[in-house]
Every structure is written in structure tokens, then in C-alpha cells.
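To start, the structure under review is shown below, and the notes come after it.
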Amino acid sequence: MEAFVNQFFDEMNTTAKSAAGFCMKVILALIIFFIGVKLIHWVRNIAKRSLGRINADEGVTKFIDNSIRIILYIILILVILSFFGVQPATIAAILASAGLALGMSIQGSLSNVAGGVLILILKPFQVGDYIIEDAHKNEGTVKEIGLFYTKLATIDYRIVVLPNGTLANTSITNVTREDARKLDLTVGISYESDIKKTKEILYDVVRTDPSTIKEDELQVFVKELADSAVIMGIRSWVVTDQFWDSR
């Protein structure tokens, strides 16, 4: 009986020591995690400041920041797992299996990532540009170029989210890349109206618009003789940033 009691207490002591050791590991792992999070924020801030000093594009800055965040958090998790005794070979095997399964399930997302990289490298557009995606005629001002998607703000205050893979594989019209933009308008007048007087009025309206570039050609002309109206055409060049106000 005495031997049984001694064995029981020995097992209890061993279990208590194991539990205490595990608890200590958990506490240390939490400490490592919180310190790692602080270090990740510190590294990201340094990267952002460095990119800001070289006037890097906003889309590039966000893309690099997201990449740094993902990579550093993966490293932090690997460090914590190894702290609990998980072997590097086991971690590598798990990552390889998970990567294969994840890659097969998110092929479309990976194409979006590749598209985002191409957009940031080739720069067909940047944050602040007004673009038209020619395949589906989505258009708006580029607000954000993310890892997977690009966000456009339309003139009626809607947000359009487009996959980067789609944008990288379709033709895009960048409306605001140049400083000037051509403005084409039409005005219908009755057949009884004085065409010469109409031309003078329209010419004065466009010429006095502060957005109109005076050095470029300004045209006011009869565009079409429609069934119920004479269609006057107006063609001028305006400052790109003021195009919609001028229109």
C-alpha cells in the first residue's frame, strides 16, 4: 500500500511539474508574441517612413507594407511553434502541404496578387488617376491598389472593387495621366435660332471658363441637322483636374 501511495505522489509531482512547465511556456510564448507584434509595427513604420522619403507611390507603399506584415507574422508564428518543441522539418512539411492546398484553392486570388505586382511595377495607373476599365466599362478615381483588389470611386460616390488579375489582363484607359483633357459637348437649338449668334454665345461661355486652356484650339460648329433640332458641337481642351466641373 505504501508503495502505491509513493508511486501516486511521484506521478502527481511529475504531472504538476509538466503542467507548470507548459504554463511557463505559454506565458513566455505570449510575451514573445506581444514583443513580436511591437517589433512588427516598428519595422513597418520604418519601412513606411523610408518609402515616404523617396516619394514612393501610395499603392507601392501599401503593397510593401502588407507584404512585410504577412511575412513577419509568419516568422513570428514559426518562432512560437519552435519554442514549443515543433521541429523545423515538421514546420516545413506543414507549410509545404498547406501551401499546396492553399495554392490549388485560391488560384484566382494568386492571379490577383500577380496582377497587383504587375500594376505596381509597370504603373499603368496610380492612386489618384481616373481610369476606365474597357472590358466592363467600370470607371472612377483610383483610391487604393491593394494586394488582391483595386478600389475605384465613381463620380456618384460609389466604390467599385476590381480584381487586380482582371485589370492586368484587360485594356485600360487612363484619363488623367496627361495634364489636359479634351472636352466634347453638344447643344441642341431649334431651326429658327440664329446659328451665328449661337456660335458667339457658346464660344464666349467656353472661352471664359477658367478651366479652358486658352492656347489650345477651341471649336464651335454645326455637328448635325437632326429631325427636330440643330445640334451644335463644342470642342475644347481643359485642365484635367477640373474636367468634370468644367463639363
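Since Phe34 meets every condition but one in (1) among the aromatic types (Phe, Trp, Tyr); (2) under 16 Å from Leu147 (Cα atoms); (3) without any contact (Cβ under 8 Å) to a residue 40 or more places away in the chain, which condition does it not meet?
Only one criterion is unmet by Phe34, namely (2).
Does the stretch 230-241 hold any residues that are without any contact (Cβ under 8 Å) to a residue 60 or more places away in the chain and loosely packed, with under 15 Cβ neighbours inside 10 Å, and which are they? Explain how you work it out, then say what you get.
Start the filter on the stretch 230-241 by keeping residues that are without any contact (Cβ under 8 Å) to a residue 60 or more places away in the chain, which leaves 230-238.
Passing the criteria: only Ile231.
Within the stretch 126-141, identify whether any single residue is touching a strand residue (DSSP E or B) at 6+ places or on another chain (Cβ under 6 Å), among the acidic types (Asp, Glu) and at pLDDT 90 or above, and answer yes or no.
No, the stretch 126-141 contains no residue that is touching a strand residue (DSSP E or B) at 6+ places or on another chain (Cβ under 6 Å), among the acidic types (Asp, Glu) and at pLDDT 90 or above.
Within the stretch 27-68, which residues are open to solvent by 50 Å² or more (accessible area, probe 1.4 Å), β-branched (Val, Ile, Thr) and assigned to a helix (DSSP H, G or I)?
Selection gives Ile27, Ile31, Ile32, Ile35, Val43, Ile46, Ile64.
Answer yes if at least one residue in the stretch 146-159 is of a type in the set (S, T, N, Q), closer than 20 Å to Ile64 by Cα and not in a strand (DSSP E or B), and no otherwise.
No, the stretch 146-159 contains no residue that is of a type in the set (S, T, N, Q), closer than 20 Å to Ile64 by Cα and not in a strand (DSSP E or B).
Output the qualifying pairs, or none if there are none: Cβ atoms under 6 angstrom, residues six or more apart or on different chains, first residue in the stretch 111-135 and without any contact (Cβ under 8 Å) to a residue 60 or more places away in the chain, second residue buried (at least 21 other Cβ atoms within 10 Å of the Cβ) and in a loop (DSSP other than H, G, I, E, B).
What qualifies is Ile131/Phe125.
Among the residues of the stretch 199-219 satisfying the criterion of being assigned to a helix (DSSP H, G or I) and open to solvent by 60 Å² or more (accessible area, probe 1.4 Å), which is nearest to Gly188 (Cα to Cα)?
Lys199
Of everything in the stretch 121-134, what is assigned to a loop (DSSP other than H, G, I, E, B) and surrounded by 13 or more Cβ atoms within 10 Å (Cβ to Cβ)? Give them in sequence order.
Of everything in the stretch 121-134, those that are assigned to a loop (DSSP other than H, G, I, E, B) and surrounded by 13 or more Cβ atoms within 10 Å (Cβ to Cβ) turn out to be Lys123, Pro124, Phe125, Gln126, Val127, Gly128, Asp129.
Quick one: would you say Val222 is part of a strand (DSSP E or B) and touching a helix residue (DSSP H, G or I) at 6+ places or on another chain (Cβ under 7 Å)?
Numbers: part of a strand (DSSP E or B): yes; touching a helix residue (DSSP H, G or I) at 6+ places or on another chain (Cβ under 7 Å): yes.
It is true that Val222 is part of a strand (DSSP E or B) and touching a helix residue (DSSP H, G or I) at 6+ places or on another chain (Cβ under 7 Å).
Can you tell me which residues in the stretch 142-162 are over 17 Å from Ile121 (Cβ atoms) and either open to solvent by less than 40 Å² (accessible area, probe 1.4 Å) or of a type in the set (D, E, K, R) (or both)?
Lys143, Glu144, Lys151, Leu152, Ala153, Thr154, Asp156, Arg158, Val160, Leu162 - these are the residues of the stretch 142-162 that are over 17 Å from Ile121 (Cβ atoms) and either open to solvent by less than 40 Å² (accessible area, probe 1.4 Å) or of a type in the set (D, E, K, R) (or both).
Out of curiosity, is Val86 within 30 Å of Lys25 (Cα to Cα), modelled with pLDDT under 80 and part of a loop (DSSP other than H, G, I, E, B)?
So Val86 passes the test.
The values are calculated or read from the model by the stated rules, or taken from the named source; none is laboratory data. Being a predicted model, the structure only gives us computed values, none of them experimental. Cβ coordinates were reconstructed from backbone atoms using ideal geometry, including for glycine residues, and neighbour counts include every protein chain displayed. Keep in mind that these areas ignore ligands, DNA and RNA; they rest on the heavy atoms of the full protein, side chains included. Shrake-Rupley method; radii C 1.70, N 1.55, O 1.52, S 1.80 Å.
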